[in-house]
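The values are calculated or read from the model by the stated rules, or taken from the named source; none is laboratory data. None of the values given here were measured: they were computed from a predicted structure. Cβ placement follows ideal geometry from the backbone for every residue including glycine, while neighbour counts extend to all protein chains displayed. Side chains included, ligands, DNA and RNA excluded: accessible areas come from the protein's heavy atoms. Shrake-Rupley method; radii C 1.70, N 1.55, O 1.52, S 1.80 Å.
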Amino acid sequence: MCRVFAGQDPEGYRQINRSIRIDGHSTSIQLEATFWDLLDEIADSQGLTTPKFISKLYDEAIEINGQIPNFASMLRTTCALYLRGHRPSAEDQAALKREAA
């Protein structure tokens, strides 16, 4: 029953640190390789680099919620939402692409 999960390639859950500038500060984020791959895919789908996507996500989350208790966990759940089919509307994607240009 669990073989598909237990037999996965260990490379997918290898921890990777990336340095990213968020809100004007350099920070390091540690996530599993699979989550970085998904964040790269999400960012690309919105016409953004991964650092730019993460920075925008941070800014918008602060604007909406006032704080982010665990940003790495938020990034992981962002990936889960993406896999479940939650996507920005066509209008939101167009606005993102205009801002990135």
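Please work out if ILE20 is in contact with a Lys or Arg (Cβ under 7 Å, 6 or more places away or on another chain) and β-branched (Val, Ile, Thr). No.
Close Cβ contacts (under 6 Å, 6 or more residues apart or on different chains) running from residues in segment 18-41 that are in contact (Cβ under 8 Å) with a residue 40 or more places away in the chain and under 19 Å from ARG87 (Cα atoms) to residues that are open to solvent by 40 Å² or more (accessible area, probe 1.4 Å) and outside any strand (DSSP E or B) comprise PHE35/ARG76. When restricted to residues that are open to solvent by 50 Å² or more (accessible area, probe 1.4 Å) and in a strand (DSSP E or B), segment 7-22 contains 5. What is the number of the single condition among (1) within 19 Å of MET74 (Cβ to Cβ); (2) out of contact with any strand residue (DSSP E or B) (no Cβ under 7 Å at 6 or more places or on another chain) that PHE5 does not meet? Against the list (1) within 19 Å of MET74 (Cβ to Cβ); (2) out of contact with any strand residue (DSSP E or B) (no Cβ under 7 Å at 6 or more places or on another chain), PHE5 comes up short only on (1).
Among the residues making up segment 30-50, those that are within 12 Å of THR78 (Cβ to Cβ) and aliphatic (A, V, I, L, M) are LEU31, LEU38, LEU39, ILE42, ALA43.
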